[in-house]
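**Q** Below is one structure. I have some questions about it.
The values are calculated or read from the model by the stated rules, or taken from the named source; none is laboratory data. All values reported here derive from a predicted model rather than from experimental measurement. For neighbour counting, all protein chains shown are included, and Cβ atoms are generated from backbone atoms with ideal geometry for every residue, glycine included. Areas reflect the complete protein model, heavy atoms only, side chains present, ligands, DNA and RNA absent. Shrake-Rupley method; radii C 1.70, N 1.55, O 1.52, S 1.80 Å.
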Amino acid sequence: MTVLKSMVDTSAEEFVTNRDAMLSKLDEVEGEHAKAIEGGGAKYVARHKERGKLLARERIELLIDEDSPFLELSPLAAWGSEYRVGGSVVVGIGVVEGVECMLIANDPTVKGGATNPWGLKKSLRAAEIAERNRLPVIHLVESGGADLPAQKEIFIPGGRTFHNLTRSSAQRVPTVSLVFGSSTAGGAYLPGMSDYVVMVAEQAKVFLGGPPLVKMATGEESDDESLGGAEMHARSSGLADFLAVDEEDAIRIGRSIVRRFNWDKLGPEPRREYTGPYYDPEELLGVVPNDLKVPFDPKEVIARVVDGSDFDEFKPLYGNSLVTGWADIHGYPVGILANARGVLFSEESQKATQFIQLANQTDTPLVFLHNTTGYMVGKEYEQLGIIKHGAMMINAVSNSTVPHISVLMGASYGAGHYGMCGRAYDPRFLFAWPSAKSAVMGPQQLAGVLSIVARESAAGRGETYDEDNDAAMRQAVEQQIEAESLPMFLSGMLYDDGIIDPRDTRTVLGMSLSSIHNAEVRGTDRFGVFRM
Amino acid sequence: MSSQSPAVPVNQITNVLVANRGEIARRVFRTCAELGIASAAVYSDADADSPHVPEASAAVRLPGDTPGDTYLRSDLVIDAARACGADAIHPGYGFLSENAEFARAVTDAGLTWIGPPSAAIEAMGSKVESKRIMAEAGVPVLAELDPADVTEADLPLLAKASAGGGGRGMRVVHALDELPDAVAGAKAEAGSAFGDSTVFCERYVDTGRHIEVQVLADNHGSVWAVGERECSIQRRHQKVVEEAPSPFVDERMRAELFDAARKAAGAIDYRGAGTVEFLATADGEFFFLEMNTRLQVEHPVTECTAGIDLVAEQIRIAEGQRLTDPDARAERPNGHAIEVRLYAETVVPAGDGLEWQPQSGPVHRLRVPRVTAEFALPPRFGVRLDSGVGDGSVVGVHYDPMLAKVISWAPSRAEAARALATALAEASVHGLATNRDLLVNILRHPAFLAGETDTAFLTRHDLATLASPLAGEEAHRLSALAAALSAASINRDRATVLRGLPSGWRNVASQPQRKSFTAGERTYQVEYRLTRSGLHAAEYAGVDLVHAGPDNVTLTVHGVRRNFEVAHHPGLICVDSPLGPVALRPLPRFTDPEATVAEGSMLAPMPGAVLRVAVQRGEHVTAGQPVLWLEAMKMEHQVTAPTDGVVSELNVEAGQQVDLGAVLAVVRPADEQDHNPRQEAGTS
């Protein structure tokens, strides 16, 4: 038991400034979340409700256990794009009859729930999370199919949806479709590929081709109900396993289906008794400096996230620009890697490699707390083999088989993002604080590099360098990179699973760890060849 | 102790069988235990799990449920006494307590009868005969009227079963033309209830006071008038509130009452504990009504104010001991005691008035705060509880639905009333509707506090008002919130995954948590969110959450902190708080369409038997038309068509036993098609 000692002075001016800055960023994020909740906008929400239908989030709320937590994923998908924030689908992990399930609900208030490229990416990411963490998937279906003008971005990759469903089924992870409305053409395979299908009477409509298409193809006169009504599918085609009288009934039946999964999680159980952090998570608001150039001690974060603020640091005296150590979060043991002073040197890289191997040796999940500007550059470091050492760390991260979770607290630049298990390194979950920034390098550095290169090129051609142009270019590049490294932008690109309130870090990690433990947690001793 | 008393009584009792059930059985067991006497219980099948059974040293089953098969079977009771090695039988009250033949059979079996001689029981068993004896002994009586000679001047009058008791076999007659029916009705009721259909008439004192005197008489010629009680507040001639001393009786009247009571006991050579009941008029005149040759339900108030144990005295007298110098006993009552009878019954609208509807079902919890004694005299002033039910007891349809007697004893009447009202208001009574609110309202009523307690009290002060709930709308609303938050806490505690995470946590919050409850006709939907900044509940501005646990929720309501005790029972949540007790039925989150009741269904209002059915399937009925009759709790309940239409379903026939809520019949509007898509879909 090693309870961390905090040095945070909550009355310090710096703390108060940091806190205010964080709160204002949180306000912004909440404003963007509100757009996602708004779905297709007040008019379409009202129209949907007038039809006596439930909204996507209302369906989810009714489906999950009362008073249980729900972790919505990628709420800001499509942010900054031409599509509405959220991408016309709501996804998240919720508890249904005591089983953690991936819920994927079309938002019919956004263009009738039609799938757009961002919504597709979001659904595929959800399916990926479900697959890797062995979560049953429940689709809450009401979609007009693909958003046709964008079909080129949807049709080919979208096929993966059905592939995923049957793969899940084959891996003995059940899938359920609750069909509330249209699920036609390709969409018909959503119920078609699900293990259990519930259709709502007089609402569900599931067919390959609607009446006009049938008329064109064969000349046959038909109607929606006979081609794909819920009654028809329940009584004739057998595609519907259950006929629900209304939406609530469909959800009730959905819950009863999950109740019979007899679900067992394959990972170890968390400790039953544990305490919250000794230090108030509220103080996380003031821990991260508004200016990312100012480093902060990640142990102040760890002290406000882990059980009992109890953290056993590993190799505290070596490579101390990276903190490594063991703790529990909501009863789950974890190894934590957290950047302390931004830069990763050879020592930090070697320490991280060893630590990742240790976690694999004991089947312990890893949490990466990012605040890195990348691997150290410079003659001395290159000569000492910083590339080899960085590569060792990236090798370890890539081949490690214990679950990884990344939290971007501050900077996550350059290859540091890779070494700390960035998006491309398949962390089971990746969340960002509103203070996070991620890019190949900082905006000023990037603009500076471009400026130097341009200046050298001009000199090479014997031209005089236009300083005014340079200043304008630098400013434009800085602005562009700044905007593109902000969490809302990255979240919109599906490069994270959501922006979280720093005070919720413990809760989000707890939920993620619990979800992860649906699958087996097993480390490896097989890594790539380490360049020593 | 007097020097004449033998060191060991001639006839020492070592083992008492109590031929009764419920609180009175427990009451007698308590005294037996204190005196070092073994005890034996009898129980019907319906009472197999009743609290009185395990409290005795031995218990014997009386097969069957109805009193006729069980507690009224003197042969079985005497066999049980023999089997247990009992040497005495205490009859309690009701059942065989005033059955002279039983008293004789007990004695003939060689057992000691803890009660008066059978001759005294017989003499007082007939109201006609007893009035004659009393009149002869100089006890004031109301003159008996011959129904044939009654004139307008005699009205109102009372037609009364000679063998009656407990209000049964009685009819008030206000007009001469009602008389034949009243006499016939009383005869029929008396015949079936008591096996004796003799009925007589007397003047009806409609605003009188019911005042009774407790007497103790030993085998050595001493008769002690222990004290008087007033039991004027009655419903359907059943006592509801009883007290000692009577606020109406002054020293002079008390002396006259005691004198009359001693004369009455003397006239029939009474032995043991008995009660002489009088009816007093507003000007202090009083008349002998009857003598109850047994212990009374309301005996605890006398025990408190006289400082004695009446059951112990009964046992001593039965053993042949002398009353210990009755003249030296306290002359004046010590303080004031009030008893209320907590019944599982409720006042419901019926026709153009109100009716008392007995309840049956499980009592999930019965807890009265600040009780300082059970079945015994409190060591100092305080609250006494005599209860026949425990948590989980089931109140059946076979016996009286009295749950408990709660007795308050204080230096003054006003203090006793206050303490009793508070104890009742704060009591946890879960599972059945009771008369608790009525009792509290009576005890707090200015007229009651002023001692204006005649037999018309409940009518004069409007029963509906008196029975109005202690918990008002705000109490219901806040209790619903407390119920929701406590349910949330339970949901979290029971969660199999993510148990330690914040209740209802959302990273993107769009919907509140919702829970709905009903209380009577009202539905309360509670919408709330629990966030890091506390409770957010749209309809509860100014309400903050301090703590929510599975059985306890503390809220701050506009700056005032309130604690709510929340108990979750199957299908019922009971919230007790200083704002008043609230019973809520949680509405299920989902309704199984197959389980929903079709519109136009008639449900059994209580468990009972179908007496007769007036319609056939397919018959046209109009709203309000009687469809069938149920018999439950010895009362006939008419079930009427809820709407105009055709009887589409008829699920019962005469004689059939039905459970509460059973669908008896369904009336469907005449023009409606048989097809019901909702139901059909649900059955797929």
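**Q** Under a plain spin-label model, where a point goes 7 Å from the Cα along Cα-to-Cβ, how far apart in nm are B:Glu256 and B:Ala109?
**A** 4.5
**Q** Across the stretch B:374-379, in residue order, what do the Karplus-derived ³J(HN,Hα) couplings come to in whole Hz, using 6.51 cos²θ - 1.76 cosθ + 1.60 with θ = phi - 60° and x for Gly and Pro?
**A** Per-residue couplings from phi come out as 10, 6, 8, 5, x, x Hz.
**Q** Related question: Tell me, what is the percent relative contact order of the stretch B:524-581, built from C-alpha pairs under 8 Å that lie six or more residues apart?
**A** About 18 percent, as a whole number.
**Q** A further question on this structure: Which value, in debye to the nearest 20, describes the size of the charge dipole of the stretch B:596-668 about its Cα centre when Lys and Arg Cβ atoms bear +1, Asp and Glu Cβ atoms bear -1, and nothing else is charged?
**A** Using only the charged Cβ atoms, the result is roughly 60 debye.
**Q** Let me spell out the model: positive unit charges on the Cβ of Lys and Arg, negative unit charges on the Cβ of Asp and Glu, origin at the Cα centre of the protein assembly as shown. What dipole size does that give, in debye rounded to 20?
**A** That gives a dipole near 3280 debye.
**Q** Something else: Let me check I've understood the local charge: for A:Glu225, count other residues with C-beta under 11 angstrom from its C-beta, Lys and Arg +1, Asp and Glu -1. What total comes out?
**A** -3
**Q** Under 1.5 on a/c is rounded, so check that first for the stretch B:114-209, then, if it is not, pick prolate when a/b is larger than b/c and oblate when it is not; a ≥ b ≥ c are the square roots of the alpha carbon gyration tensor eigenvalues.
**A** Oblate, since a/c reaches 1.5 and b/c is not below a/b.
**Q** What are the principal axis extents of the Cα atoms in the stretch B:3-86, in Å, biggest first?
**A** Result, largest extent first: 49, 24, 16 Å.
**Q** Leaving out ligands, DNA and RNA, what percent of the accessible area of the stretch B:596-668 is carbon and sulfur, probe 1.4 Å?
**A** Exposed carbon and sulfur together represent 47 percent of the surface.
**Q** Now for a separate question. Give the residue list of trypsin sites (Lys or Arg not before Pro) in the stretch B:9-99 that are DSSP loop and have at most 13 other beta-carbon atoms within 10 angstrom.
**A** Taking the stretch B:9-99 and a limit of 13 other Cβ atoms within 10 Å, no loop trypsin sites (Lys or Arg not before Pro) are found.
**Q** Can you pull the percent of the stretch B:412-494's accessible area that's carbon plus sulfur, 1.4 Å probe, other chains left in place?
**A** With neighbouring chains kept in place, the figure for the stretch B:412-494 is 52 percent.
**Q** Can you give the direction-averaged projected area of the convex hull of the alpha-carbon atoms in the protein assembly as shown, in nm²?
**A** 64.0
**Q** What does the C-alpha gyration tensor say about the overall shape of chain A? Classify as rounded when a/c is under 1.5, otherwise prolate if a/b is larger than b/c, or oblate.
**A** Verdict is prolate for chain A.
**Q** Just for the Cα atoms in chain B, what are the lengths along the principal axes, largest first, rounded to whole Å?
**A** 89, 59, 54
**Q** With a 1.4 Å probe on protein heavy atoms only, work out how much accessible surface B and A bury together, total over both chains, in Å² to the nearest 100.
**A** Result for this pair: about 3400 Å² buried.
**Q** Using a 1.4 angstrom probe, figure out how much accessible area the protein assembly as shown has per residue, in square angstrom, rounded to the nearest whole.
**A** 42
**Q** For the stretch A:130-216, just say rounded, prolate or oblate: build the C-alpha gyration tensor, square-root its eigenvalues into a ≥ b ≥ c, call rounded for a/c under 1.5, and beyond that prolate if a/b exceeds b/c, oblate if not.
**A** Oblate, since a/c reaches 1.5 and b/c is not below a/b.
**Q** How many percent of Cα pairs in the stretch A:25-259 exceed 25 Å?
**A** Of the Cα pairs, 37 percent sit more than 25 Å apart.
**Q** With the Cα gyration tensor of the stretch A:78-127 in hand, give its eigenvalues times 5 under a square root as the equivalent ellipsoid semi-axes, listed largest first in whole angstrom.
**A** 22, 11, 8
**Q** Hey, how much of the P(r) for the stretch A:321-360 falls beyond 14 Å, as a percent of Cα pairs?
**A** Everything past 14 Å amounts to 46 percent.
**Q** Ok, one more. Magnitude of the Cβ-charge dipole of chain A, K/R +1 and D/E -1, about the Cα centre, nearest 20 debye?
**A** 1400
**Q** Here's a follow-up. For n ≥ 4 DSSP H runs only, could you compute -39500 (n - 2.57) per run for chain B, divide by its residues and tell me the 222 nm figure to the nearest 500?
**A** Taken over chain B, the calculation gives -7000 deg cm²/dmol.
**Q** Moving on to the next point. Would you mind checking A:Lys122/B:Lys515; B:Lys131/B:Lys405; A:Lys35/A:Lys111 for any pair whose Cα atoms are more than 23 angstrom apart?
**A** From A:Lys122/B:Lys515; B:Lys131/B:Lys405; A:Lys35/A:Lys111, over 23 Å: A:Lys122/B:Lys515; B:Lys131/B:Lys405.
**Q** Test of the criteria: in the stretch B:476-545, which GluC sites (Glu not before Pro) are in a DSSP loop and have at most 12 other Cβ atoms within 10 angstrom of their Cβ?
**A** Hits after loop and neighbour filter: B:Glu521.
**Q** Let me ask something else. For chain A, which longest stretch is free of loop sites, where a loop site is one of the trypsin sites (Lys or Arg not before Pro) that DSSP puts outside H, G, I, E and B and that has at most 16 other Cβ atoms within 10 Å?
**A** That gives A:294-460 as the longest site-free run.
**Q** I would also like to ask the following. Mean separation of Cα pairs under 8 Å and 6+ residues apart, divided by the residue count of the stretch B:462-529: what relative contact order is that in percent?
**A** Reported as a whole number, the value is 27 percent.
**Q** Mind checking which of B:Ala350, B:Val395, B:Ala484 is farthest towards the positive end of chain B's charge dipole, using Cβ charges of +1 (Lys, Arg) and -1 (Asp, Glu) about the Cα centre?
**A** In chain B, that residue is B:Ala484.
**Q** Please list, in order along the stretch B:74-86, the HN-Hα scalar couplings obtained from phi with the Karplus expression 6.51 cos²θ - 1.76 cosθ + 1.60 (θ = phi - 60°), rounded to whole Hz, x for Gly and Pro.
**A** Each residue's phi maps through the Karplus curve to give 4, 4, 5, 5, 5, 4, 4, 4, 5, 4, 8, x, 6 Hz.
**Q** So what's the back-of-envelope 222 nm ellipticity for chain A, counting only DSSP H runs of four-plus at -39500 (n - 2.57) apiece and dividing by all residues, rounded to 500?
**A** Result for chain A, helices only: -12000 deg cm²/dmol.
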